[in-house]
Amino acid sequence: MASHLAGHAPALCAPEADLDGPAGVAAAKPTITLTPREEQLKDLLLSAAKFIDDQDLNNNTPTSSGNPPALSPPQPQREPLVLRWAGGWVRDKLLGIPSHDIDTAINAMTGEAFVDRLRDYCDVAGHRRRHALVPEDVGRLHTVPRNPDKSKHLATSTIRLCGLDVDFVNLRRETYTDESRNPVVEFGTAEEDALRRDASVNALFYNLGTGLVEDFVGGLGDLREGLIRTPMEPLQTFLDDPLRVLRLVRFASRLGFRIDEQAEEVMGDERVLGNLRVKISRERIGVELEKMMKGKRPVESLRLIDRLGLYHAVFTDPERADMPRPDTASWRAAYKCLELLESNKTPGSIYDLLVTSEEARYYAWSLATLTPWEQLPDDPPLPSGKPALPLPMQAARGGFKAPNKLCDVITAAHRHRPAILELREIVREKRAGVDERDRFGMSIRDWDVRGGNWRLQVLFAVLVEVAECTVAVAGKEPTAGSRSQDSVLAEWQQFLDHLVNIDVMNAPSIKRLVDGKMLASALGVRPGRWTGAALDVALAWQFRNPGVVDAAGAIEEVRKRRDELGIH
């Protein structure tokens, strides 16, 4: 089933569930229909668990050869293994959303220990035949180690099984203290594990042994109501782990659910935001933002970040003490504009021309988060005389550890925006030079070389201008000289139409007719400092003479200007 609009109650796939009783196992009666591969995985895990229990608890399991068992040293007594699929997989299955990643919670063994024993079980030929396993059905074990400094409090073991990505970790409880930002993590019960989770709809379990959904915190009712709610008191939940604020935003926007009012009231609490700035690694914030921006409705995430007052805790460099704070009053106009553009993907539209891949879409929404920074002046030049890094890039790199490629686009979009606006004005006012194909083509190549993806640099200029020129606050009267969003977008559409008409949209990929060696040979000189400028002269000639494949004209153009270019 598709996700639902905010405030609308979803229909669960298991209508027979008793959702009116108190939260707990007894109230959780919905069933989940497994796919054939999920059934295969379930049977494999249950058989492996029984195999491990027989070895550890009874010490009488026959060897694989069929010989009498050899007694092994007694193992410490523990509870029989109970396996549960947890969290997002259960939620999505109940909503009818396909899910290929499964978290497996184990009651009495660490994830790594269980997977080690599981692989031993799968090494037995008879077991492989019983479960119809082929070699690729059992992948390699990968353990993500515990890393408290990045709020990774417990090791997780991951393995590819039966075509599914499966994580294994033990049930746990977490206890936070004022003395440390890292919790004390111990083995826990299923209920304790549910209580520590970020949202009740993510705290559901599917018990592999009983085939029942277990609900200890009212998650089924919240799922039916389309509600994102913390299992425990929200303020303390967010103070313990402030990243839960962003996770709730992501799940609310992804599922189209509303956030519980009590949680919303404290998500923007200064104590929570202060902890978010200093307690959570920026890499983890970046992971959450990337999932939001790559999701189906990134605009909903940005609306929530905006409305809940989270912007300055996320899009900033917490390592810089004097980091400024831009006014976000007009930010809404920028991200709503991108939502509007994305809704119109007809050929030749602004979005169609400027956003050409899924990666570009992710970058586009990331750029939309940074438009408020364009209203601030640049930092002073560095002591070396070089320009300081643009503030939007500082906010992206310091705030959510934007990848280098995205940082390059952000920097270029900021630095090239005046030049982009100048060319747009030439087209808008039909100034002299409007038909100079070489001017437009060479500019586009320059933008692309100095940062990559010139189309997204233009999109950034569009969003910034919309934010600057439209009324962002409802009910506010337009000031003299202000322009509507429609008029601004019409001007940008006119600009892009012109680029299409003069055939320069693919300017960065045009193949040069001449190279440096060819020029040097034709002019009877050695390559030198003049080469780069001369190649640009030849390329500009190409733009003025589209379709010509003979290099003679380009070489002659360079020859005419050899004194100007310093060719001796």
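The values are calculated or read from the model by the stated rules, or taken from the named source; none is laboratory data. Source: prediction; values computed, not measured. Using ideal geometry, Cβ is built from the backbone for each residue, glycine included, and neighbour counts are taken over all protein chains shown.
Taking the conditions (1) in contact with a helix residue (DSSP H, G or I) (Cβ under 6 Å, 6 or more places away or on another chain); (2) over 15 Å from Asp446 (Cβ atoms) in turn, Gly547 satisfies each one other than (1). When Met323 is tested against the conditions (1) without any contact (Cβ under 8 Å) to a residue 12 or more places away in the chain; (2) outside any helix (DSSP H, G or I); (3) among the aliphatic types (A, V, I, L, M), the lone failure is (1). Arg282: closer than 24 Å to Thr110 by Cα, surrounded by 18 or more Cβ atoms within 10 Å (Cβ to Cβ) and in contact (Cβ under 8 Å) with a residue 12 or more places away in the chain, yes or no? No. Among the residues here, Trp89 qualifies as at pLDDT 70 or above, part of a helix (DSSP H, G or I) and not small (Gly, Ala, Ser).
Tell me the residue from Leu370, Leu423, Leu456, Leu382 that is hydrophobic (A, V, I, L, M, F, W, C), farther than 21 Å from Leu341 by Cα and either surrounded by 14 or more Cβ atoms within 10 Å (Cβ to Cβ) or under 29 Å from the mean Cα position of the chain (by Cα) (or both), please. Steps first, answer last, please.
On the way: Leu370 fails: farther than 21 Å from Leu341 by Cα; Leu456 fails: farther than 21 Å from Leu341 by Cα; Leu382 fails: either surrounded by 14 or more Cβ atoms within 10 Å (Cβ to Cβ) or under 29 Å from the mean Cα position of the chain (by Cα) (or both).
Exactly one of Leu370, Leu423, Leu456, Leu382 is hydrophobic (A, V, I, L, M, F, W, C), farther than 21 Å from Leu341 by Cα and either surrounded by 14 or more Cβ atoms within 10 Å (Cβ to Cβ) or under 29 Å from the mean Cα position of the chain (by Cα) (or both), namely Leu423.
Of the residues in region 391-414, at least one is closer than 26 Å to Pro324 by Cβ, outside the structural domain of Glu557 (by TED's automatic domain parsing) and hydroxyl-bearing (Ser, Thr, Tyr). For region 334-367, the tally of residues that are without any contact (Cβ under 8 Å) to a residue 40 or more places away in the chain, of a type in the set (Val, Ile, Thr) and in contact with a Phe, Trp or Tyr (Cβ under 7 Å, 6 or more places away or on another chain) stands at 0.
Among the conditions (1) more than 18 Å from the chain's Cα centre (by Cα); (2) surrounded by fewer than 19 Cβ atoms within 10 Å (Cβ to Cβ), the only one that Lys291 does not satisfy is (1).
To keep it simple, each residue is scored yes or no on (1) surrounded by fewer than 12 Cβ atoms within 10 Å (Cβ to Cβ); (2) among the basic types (Lys, Arg); (3) part of a helix (DSSP H, G or I).
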position	(1), (2), (3)
Glu491	no, no, yes
Leu499	no, no, yes
Asp503	no, no, no
Lys517	yes, yes, yes
Gly528	no, no, no
Gln542	no, no, yes
Gly553	no, no, yes
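Every condition in (1) within 23 Å of Leu34 (Cα to Cα); (2) surrounded by fewer than 19 Cβ atoms within 10 Å (Cβ to Cβ); (3) touching a strand residue (DSSP E or B) at 6+ places or on another chain (Cβ under 6 Å) is met by Phe205 except one, and the failing one is (2).
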